[in-house]
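So the structure is just underneath, and the comments pick up after that.
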Amino acid sequence: MLSDAENVILAAGAFPKKGGAARRILDSAERVVCCDSAADAFRRNCGREPFAVVGDCDSVKGRFKTLVRVEEQDTNDLAKAVRFCREKGIGNLVILGATGKRDDHSLGNIFRALDFAIDVVTDYGRFTALEGTKTYRVKPGAGVSVFAVDPETEMTSKGLQWPLDGVRFENLYCATLNRAVGGEVTLSSTKRVYVYFPFK
């Protein structure tokens, strides 16, 4: 498995800003797989060649060494890039460039990535997939939001201002805008959820 560091799938949304966490991940990634036209933006902004360009390739302008054209339209370019990475054994994936430009694409990309249990990092925070139990080290008072797409989800928590024990997930936003009360938050979930940590 090629999983020594965070490997990046770069979607064609807003390009990560210089100085931000998403850009630092991008700049340090050994392998960057670009979704379609994200390859042109990656070359222009980073001066590097992508490991591969994957998608229907209808909007790529430049010439790239590894162009993986997938014509089928049943999935989007992000899903095609994830499938390519998994077929190649590229692990420890994180998705950048999934948000910005179009809100419908942003929401679609975030929750498509949840299906794959892959983290999404934006200029403003990190969505990290959780199923089971995990403890996160955070700053006291840090924001914590949970997005559960399955209403049958059952969760417990330690370290949150408003505990999640017994919460009924009747909508996507009912467990957002929470806060850590100390330096650790422990969450347990019976279904896969996204936990969002804003950077500020």
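Please verify whether ARG112 is free of Cβ contacts under 8 Å to residues at least 40 places away in the same chain, over 21 Å from THR122 (Cα atoms) and among the basic types (Lys, Arg), treating the condition exactly as stated. Judged against the criteria, ARG112 is not a match.
The residues of the range 152-178 that are at pLDDT 95 or above, more than 19 Å from ALA117 (Cβ to Cβ) and over 21 Å from the mean Cα position of the chain (by Cα), listed by number, are THR156, SER157, LYS158, GLY159, LEU160, GLN161, TRP162, PRO163, LEU164, ASP165.
The residues listed here are ASP40, ASP58, ASP4; of these, the one that is assigned to a helix (DSSP H, G or I), at pLDDT below 95 and among the charged types (D, E, K, R) is ASP40.
Can you tell me which residues in the range 62-77 are under 23 Å from THR99 (Cα atoms) and either among the polar types (S, T, N, Q) or touching a residue at least 24 places away in the same chain (Cβ under 8 Å) (or both)? Within the range 62-77, GLN73, THR75, ASN76, ASP77 qualify. For VAL68, the test of being aliphatic (A, V, I, L, M), part of a strand (DSSP E or B), touching a strand residue (DSSP E or B) at 6+ places or on another chain (Cβ under 7 Å) and closer than 20 Å to ALA21 by Cβ is failed. Can you pull out the residues in the range 120-129 that are of a type in the set (A, V, I, L, M) and surrounded by 20 or more Cβ atoms within 10 Å (Cβ to Cβ)? If the condition is that a residue be of a type in the set (A, V, I, L, M) and surrounded by 20 or more Cβ atoms within 10 Å (Cβ to Cβ), then VAL120, VAL121 are the ones that fit. The listed residues are ASN92, ASN109, and the only one of them that is of a type in the set (S, T, N, Q) and surrounded by fewer than 22 Cβ atoms within 10 Å (Cβ to Cβ) turns out to be ASN92.
The values are calculated or read from the model by the stated rules, or taken from the named source; none is laboratory data. The shown structure was predicted, so the numbers you read here are calculated from the model rather than taken from an experiment. Ideal geometry is used to build each Cβ from the backbone, glycine not excepted, and the neighbour counts take in all protein chains shown.
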